[in-house]
């Protein structure tokens with residue numbers, strides 16, 4: 001008679017988003033071998049796309065059924081609405097990124113490409129559920145490794161290899177710092193779980209404080225927060241545009257959502273310390289991101305610096321350290337992800353049309369030649385700058401409110417000044433597209449561009465979210481409020 | 001409901017023009033019909049309006065309730081007049097666009113309609129965030145209208161315009177956040193007053209840029225000169241009045257103590273702007289330059305009236321806002337006719353245009369008489385009320401105002417004689433080669449002058465119907481209540 005081995009209870013539903021993406025990744029990878037070559041592209045794209053959609057739906061189900069936050073797998077993971085909402089945004093960004101990737105003319109490695117995209121997404125949805133420092137690091141490495149390879153996937157392009165290598169070296173450096181910080185925190189408290197660290201009640205333990213600083217630094221690398229942002233412009237420029245689109249939206253969502261959870265649940269006693277640190281990082285990101293973006297000629301680099309400045313805006317919400325701040329962050333991420341991915345989608349459209357890297361000059365006249373992409377890009381730029389009719393404006397309102405509510409009016413002033421500066425380069429794109437017609441210096445490669453319905457659909461979806469999050473902010477904020485409540489009970 | 005229709009109708013028409021494929025003539029036609037439908041709607045509303053009452057034609061729906069933000073629109077007496085000015089000037093500007101056969105007409109007319117809707121929205125907004133959305137929303141079409149259809153130096157013009165305006169409106173956004181969070185609501189009706197000087201300054205600077213006041217006027221000259229004439233007409237005639245609405249609806253009722261603290265500063269700036277603008281207008285070498293700096297002076301005068309803290313001054317400020325909007329729109333559109341017919345608006349190349357062109361001469365003379373506020377004109381009534389109102393704050397302001405009226409006469413007469421009289425300019429052909437104003441051109445400017453004539457007959461239509469009287473407290477809690485200083 002065999003004694004039954006007691007198996008721990010596993011909450012499969014809570015893990016299902018990550019599992020769905022892992023499954024999609026495996027299917028795409030197998031497809032690269034088993035499926036006839038003419039079917040490989042649709043098969044790989046369909047499995048990755050289906051994985052993202054399924055993950056998003058499952059995360060939605062988890063959101064609906066997780067009124068109370070619970071932990072799973074020996075308290076190493078959490079199941080709550082905070083994670084679920086971030087997962088929905090990541091999955092949405094991934095699905096749109098698959099659409100952007102569809103028409104990029106890739107002939108080789110199609111299966112691997114989509115498999116890695118799905119795997120990176122799987123890592124992110126796992127990452128945002130992390131409940132202790134171990135799973136945090138595991139999730140971080142999981143999606144990072146997938147992204148390192150994705151960046152370097154265009155092996156025939158030097159830039160792509162460079163991007164992959166830079167990201168690998170600097171990303172690993174950041175991971176190492178994070179890991180060292182985690183070790184110090186463990187040394188100081190003897191605990192790995194976020195809530196358990198808080199429960200030890202230690203605040204001024206030097207190991208804990210240094211560990212906190214190192215963890216914050218490591219996460220800042222991933223979220224491309226200044227002054228740990230050096231890799232961002234090169235990687236965003238060199239990586240395939242669809243990958244850049246995915247990274248800029250999804251990585252930031254995952255990294256900032258996890259960072260907020262970590263700081264708020266593991267280090268609540270040190271809040272005086274880390275809110276100051278976060279505020280300083282926010283100011284640095286806003287200053288460096290916006291000022292450096294002013295002088296960029298390459299649109300992808302410009303958008304990279306813009307994403308650094310947006311990290312600064314999101315950190316304003318973190319510095320708020322309140323339920324309002326949590327709500328502000330989660331809401332901000334939605335229009336941000338849409339504008340970012342949409343803008344890179346338009347860049348991809350121009351890139352495919354010209355067969356060359358897209359500079360601001362290369363956008364000349366695009367608004368009149370391609371009315372749909374022109375209007376879309378215009379909207380994305382306004383959204384990034386925080387103008388009305390886009391969720392960007394209300395997102396800014398929320399993060400400013402969170403900072404002001406904390407009593408830090410000077411952060412609001414810094415944010416406002418940064419917005420004024422940012423307008424110069426955002427409107428520079430609009431100016432190039434609409435006000436410099438007839439100066440096109442780069443000849444289109446091979447006549448009119450191929451019709452790319454998938455890309456148009458991706459841009460249209462981003463446009464719908466950017467504008468829709470302005471008009472229908474109320475339900476979104478309500479969801480974000482439910483999610484924030486799980487962190488700030 | 002009417003308010004929502006007034007806002008949404010042009011926005012929806014703009015969307016139709018942009019999205020539905022149509023021939024270029026249709027785009028202009030649709031814009032034209034929509035713009036005049038707006039005028040009709042407004043007239044219908046004005047006839048039903050109870051000028052003795054408070055906020056009317058209200059519509060309110062929660063937008064996002066956790067921060068207390070709602071879509072809340074409606075009109076007070078004075079904002080109804082400003083909205084009326086908007087629909088009239090925008091309709092005629094669109095008519096000018098149809099006449100001038102603007103290129104890329106679908107984009108152009110869509111933007112003009114979008115602009116109309118957002119300006120009406122500014123004057124109707126009763127929620128700070130909604131106000132800010134419309135206030136910044138105006139900037140988007142203006143940016144493109146100046147940047148694409150503007151003159152040769154449009155790049156500089158848009159850059160200056162955007163930098164100034166956005167710096168102002170972002171400071172305002174910071175103030176809105178601070179005010180809204182500390183009040184717990186962004187509603188202008190529900191919120192109380194604040195005594196924070198910094199929050200007040202954020203608003204005041206935004207409006208000072210918009211109006212503009214010295215020293216925030218750096219964008220004015222290039223924007224008014226490089227924009228196409230009909231856009232200049234809207235910019236100076238209507239968009240600047242957003243500042244009037246902001247001052248009257250937000251600064252006065254919400255910040256009584258800061259207004260007292262900064263009253264002298266603002267009045268001095270306004271008086272300086274009035275004198276400075278009028279002097280500069282006298283030295284400008286072209287038509288639009290004169291009108292641009294005259295606008296600076298007139299807007300400063302209006303600000304004098306607003307901060308006079310007396311009922312008379314406020315009434316005068318509203319009346320003069322309507323007057324100035326109409327007359328500066330007329331002058332800019334007229335400048336557009338001149339520049340189009342003769343290829344130049346420079347006085348050195350103009351002159352002697354009156355010979356054989358009676359209509360052109362009459363139109364310019366009439367508009368000029370209103371600009372220089374000849375006694376009996378509605379402009380005179382407005383200026384008189386403002387000066388009488390501000391007199392209580394110090395006789396010096398009234399002296400500056402009176403001197404500026406003399407200066408206005410000087411620059412206007414200089415303009416008239418430089419265009420109409422003197423020797424025939426190099427750009428002006430003989431009368432038989434370049435004919436007088438045509439019927440369609442008259443259709444564009446005569447309504448503006450007709451409105452002014454009507455107001456001259458009955459200026460009290462505006463000045464007596466802008467604010468309910470006497471101000472009763474309670475029902476007017478959300479309303480500007482200038483304290484009458486004890487005599």
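A short reminder: the numbers here are calculations on the coordinates, not readings from a lab. Only a predicted model underlies this, so the values are computations on that prediction, with no experimental measurement involved. In this analysis, Cβ positions are derived from the backbone assuming ideal geometry, glycine residues included, and neighbour counts consider all displayed protein chains.
Quick one: helix B:287-306 against the long Cα principal axis of chain B, what's the angle to the nearest 10°, folded into 0 to 90?
20 degrees
Determine, from the Cβ-Cβ distance of residue B:261 and residue B:469 and an R0 of 41 Å, the FRET efficiency 1/(1 + (r/R0)^6), rounded to the nearest 0.05.
Values: r = 27 Å, r/R0 = 0.67.
Efficiency at R0 = 41 Å is approximately 0.90.
Find how many whole Å separate the alpha carbon centroid of segment B:97-152 from the alpha carbon centroid of segment A:1-71.
If we compute the Cα centre of each part, the gap is 48 Å.
When a/c is below 1.5 the answer is rounded, else prolate if a/b is larger than b/c, else oblate, so apply that to segment A:54-207 with a ≥ b ≥ c taken from the square roots of the Cα gyration tensor eigenvalues. Before the final figure, lay out the partial values.
On the way: a/c = 3.62, a/b = 1.43, b/c = 2.54.
Here segment A:54-207 falls in the oblate category.
Starting with the fewest neighbours, write out A:260, A:148 ranked by other beta-carbon atoms found within 10 Å of each beta-carbon.
Values: A:260 25, A:148 22.
In increasing order of surrounding Cβ atoms, one gets A:148, A:260.
From the square roots a ≥ b ≥ c of the eigenvalues of the alpha-carbon gyration tensor of the protein assembly as shown, which class results: rounded (a/c under 1.5), prolate (a/b over b/c), or oblate?
On the way: a/c = 2.50, a/b = 1.73, b/c = 1.44.
Cα axes put the protein assembly as shown in the prolate bin.
Multiply the residue gap between residue A:13 and residue A:297 by 0.36 nm, knock off their C-alpha separation, and tell me the result in nm, one decimal place. Walk me through the intermediate numbers first.
Values: separation 284, 0.36 × 284 = 102.24 nm, distance 4.65 nm.
Difference between extended and current length: 97.6 nm.
At 1.306 mPa s and 10 °C, plugging the Kirkwood radius over alpha-carbon pairs of segment B:225-365 into Stokes-Einstein gives what diffusion coefficient in µm²/s? Could you put the intermediate results ahead of the total?
Details: Rh = 16.3 Å.
Taking Rh from Cα pairs, D becomes 98 µm²/s.
Pairs of Cα atoms under 8 Å, at least six residues apart: use those to get the relative contact order of chain B, whole percent. Let's see the in-between values first.
Numbers: 877 pairs, mean separation 80.0, N = 487.
The normalised contact order for chain B reaches 16 percent.
Can you tell me the 0 to 90 degree angle between the C-alpha axis of helix A:271-294 and the longest principal axis of chain A, rounded to 10?
For helix A:271-294, the angle is close to 10 degrees.
Measure out, as a whole number of angstrom, how far apart the alpha-carbon centroids of segment B:395-454 and segment B:200-247 sit.
If we compute the Cα centre of each part, the gap is 22 Å.
Sorted from fewest to most neighbouring beta carbons within 10 Å, what does the list A:128, B:16 look like? It would help to have the intermediate numbers written out before the result.
Values: A:128 28, B:16 17.
In increasing order of surrounding Cβ atoms, one gets B:16, A:128.
How much mean residue ellipticity at 222 nm does chain A get from its helices, if each DSSP H run of length 4 or more adds -39500 (n - 2.57) and you divide by all residues, to the nearest 500 deg cm²/dmol?
Details: 20 runs with 367 residues, N = 489.
Using -39500 (n - 2.57) per qualifying helix, the result is -25500 deg cm²/dmol.
Compute the angle between helix A:110-127 and the longest alpha-carbon principal axis of chain A, please, reported from 0 to 90 degrees and rounded to the nearest 10.
40 degrees
Sticking with the crude label model, points 7 Å out along Cα→Cβ, report the distance from residue A:451 to residue B:48 in nm, one decimal please.
My value for the distance between the label points is 4.8 nm.
Run lengths n ≥ 4 of DSSP H only: what is the helix-derived mean residue ellipticity at 222 nm for chain B, with -39500 (n - 2.57) per run over all residues, to the nearest 500? Each step should come with its number before you reach the end.
Numbers: 18 runs with 328 residues, N = 487.
My calculation for chain B gives -23000 deg cm²/dmol from helical runs alone.
Can you give me the distance in nm between label points at residue A:65 and residue B:417, each placed 7 Å from the Cα along the Cα-to-Cβ direction?
Going by the 7 Å Cα→Cβ label model, 8.9 nm.
Work out, step by step, the length gained on full extension between residue B:1 and residue B:195: first 0.36 nm times the residue separation, then minus their alpha carbon distance; give nm to one decimal.
The span from residue B:1 to residue B:195 would gain 66.4 nm if fully extended.
Arrange the following residues from fewest to most other Cβ atoms within 10 Å of their Cβ: A:9, B:320, A:109, B:465.
Values: A:9 8, B:320 30, A:109 16, B:465 20.
The order, fewest Cβ neighbours first, is A:9, A:109, B:465, B:320.
According to the square roots a ≥ b ≥ c of the eigenvalues of the Cα gyration tensor, what is the shape class of chain A, taking rounded for a/c under 1.5, prolate for a/b larger than b/c otherwise, and oblate for the remainder?
oblate
How many nm separate the modelled label positions at residue A:207 and residue B:348, each set 7 Å beyond the Cα in the direction of the Cβ?
Modelled inter-label distance: 8.2 nm.
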